[in-house]
Amino acid sequence: MKNMELKEQLVKLLGSDNVCDEMAERICYFRDCGPDKAGIPDIVVKPGNTEEIAVVIRLANKIKKPVYTWGRATTFLGSGVPQGCILLTTTRLDKILKVDLDTSTVTVQAGVIWHTIDAVLKDHNRELFIPGGGGLFSGTVGGSVAVNVIPHAITEYGMTGDHVLGLEVVLPDGTIIHTGASANPDCLPIERYSNGPDISGLFMGAYGTLGIITEITYRIRKTPELEKFAFYAFADYKKAVEAVNEIQKENAATFVIGLFAGPKPKDVEGEAFIHIIVRDSEREATYRLKQAERLCESFNGIAHDAFGTKKYWEDHMYSWLRNVAPGPYYAGAPYMCPEVAGFMPTLQLKDSLALLFQYVEDHKAEFEKYDILIKGFDTYFTRNGVYLWIDTLYNEMKEDSWKYGLKLRGELCDLMYGKGKMAAGGLGAGVAPYAMPKLGNTFTFLKQLKKTMDPNNVLNPGVLFLGD
Ligand SMILES: Cc1cc2nc3c(=O)[nH]c(=O)nc-3n(C[C@H](O)[C@H](O)[C@H](O)COP(=O)(O)OP(=O)(O)OC[C@H]3O[C@@H](n4cnc5c(N)ncnc54)[C@H](O)[C@@H]3O)c2cc1C
């Protein structure tokens, strides 16, 4: 089908305001927040509801044209927008459908950003069971669930998906389904693990390759009474890792963040820095923070003013982790980041960091030559391990720096998904080719699943490197 004809059909389905084929708009979608340049779509559509999405998907199948789902593109990992695709944005799916205080749930459309939900729940003295990730002012809930975003407060509360109770999804053939309890239309979405297999999990972390998430029901709760903060510096990074491992075992903190490279927090000496946040009743928060402090000190941690920790938590601004203004933290525009990230057991972090430090030492001269900076080897400690994200920065104004940045990402993926014993936690078109082939039979199974669910390969082809 010619593009003009496609446009006419889409305009009939969605209205002329919601279909655009102007180059000035299409070109805005060729990149996410990372270094990868992707394709330019032929046409951009902005459906306003689930049924409209389903209709677009059915048309795409008929003409065998790929569709890419666009939340707010706050990932750093390579959007993988296919050249000449239909780009479908969820911007207009921006409604909070229901706050149900009786069942402690909130149901939202997929294009809502995390912060909007937080603001509404605040009026009810409620919060999402787990806050969004650092991108909560910009990322959509649908995009975040699709990538399994690593949220704040993960040390105690767990992953984003742990608190999803049900989804509405448009499958690759345009069928609309509900997962969990409300798959039965007579039931409310109060339980994910009902009505048979856990279908919700299929779409979390699938990066939009197996379906488009259109609605999400999420668990909410009363906002904890008190928040307390601590900040420790360690002369030996291995001791910092051991201290956090003990904090995790004792459940002494709600959220622990570790900084292991990059610029040091202002006016603080050390090899590693630990930010601790505890949220609980007044009595429990006081007790747990004391326990965490005692554990840090038993591993030679030195306490410092926790002002930056508090500001980071309240303002969600990463630069506060290093007590600096955003400019120096991000090394000043236009440095960009080809991120590599993933999970490992906490104590493994000692060996994996040693590998990274050695890698940097071995490539010092090249880093200087190609203008590569290290923003950080930073970590969120999870319930059972640690999520490490390796942020190297290249200079966007220099082509050889960009090329080297991409090569560096590939080498770091190979190193960390191999000897570094790290399981990929952030995928996308830029990283998937390094991570997925390591999965053996699981990779084969995923490819078969994709082929079965999406025989025309219309939904986000290429994003997870599923063999297309
Ligand atoms: C300042 C900053 C801090 C950040 N901090 C964190 C952090 O702490 N932890 C973390 O994990 N990430 C973090 N991120 C990354 C980012 O916030 C998440 O990846 C993000 O929430 C994804 O949402 P999005 O709407 O931008 O999705 P997009 O980037 O638009 O999409 C991501 C993927 O999901 C697919 N997708 C989008 N919407 C849907 C849908 N409705 N249904 C199915 N598939 C869909 C897309 O096709 C794509 O493959 C941060 C980003 C920024 C800018």
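The values are calculated or read from the model by the stated rules, or taken from the named source; none is laboratory data. Predicted, not measured: the structure shown is a model, and the values here were computed from it. Virtual Cβ from ideal backbone geometry, glycine too; neighbours counted across all protein chains shown.
Do we find a residue being assigned to a loop (DSSP other than H, G, I, E, B), closer than 25 Å to residue 258 by Cβ, within 14 Å of the chain's Cα centre (by Cα) and not aliphatic (A, V, I, L, M) anywhere in region 158-175? Give the derivation first.
Filtering region 158-175 down to residues assigned to a loop (DSSP other than H, G, I, E, B) leaves 158-159, 171-175.
Subset that is closer than 25 Å to residue 258 by Cβ: 158-159.
With the extra rule that they be within 14 Å of the chain's Cα centre (by Cα), the set shrinks to 158-159.
Subset that is not aliphatic (A, V, I, L, M): 158.
Scanning region 158-175, I find at least one residue that is assigned to a loop (DSSP other than H, G, I, E, B), closer than 25 Å to residue 258 by Cβ, within 14 Å of the chain's Cα centre (by Cα) and not aliphatic (A, V, I, L, M), so the answer is yes.
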Exercise for the section: Give region 431-454 a look and list any residue that's more than 18 Å from residue 387 (Cβ to Cβ), touching a residue at least 24 places away in the same chain (Cβ under 8 Å) and not in a helix (DSSP H, G or I), or say none. Expected result: 454
Practice task
Sort out for me the helices (runs of 4 or more DSSP H) sitting completely within region 1-81 that have 3 or more residues that are in contact with a helix residue (DSSP H, G or I) (Cβ under 9 Å, 6 or more places away or on another chain).
Solution key: 3-14, 50-63
Practice task
For residue 216, state whether it is within 14 Å of the ligand (Cβ to nearest atom) and over 30 Å from residue 315 (Cβ atoms).
Solution key: no
Practice task
Check 456, 460 and return the single one that is surrounded by 14 or more Cβ atoms within 10 Å (Cβ to Cβ), touching a Ser or Thr at 6+ places or on another chain (Cβ under 6 Å) and outside the structural domain of residue 37 (by TED's automatic domain parsing).
Solution key: 460
Handout entry: Residue that is within 17 Å of the chain's Cα centre (by Cα), modelled with pLDDT under 95 and within 16 Å of the ligand (Cβ to nearest atom), where the choices are 468, 378, 391
Key = 391
Handout entry: Long-range neighbours under 6 Å by Cβ, at least six apart or interchain, first residue in the same structural domain as residue 12 (by TED's automatic domain parsing) within region 50-66, second part of a helix (DSSP H, G or I) and not basic (Lys, Arg)
Key = 52/14; 55/13
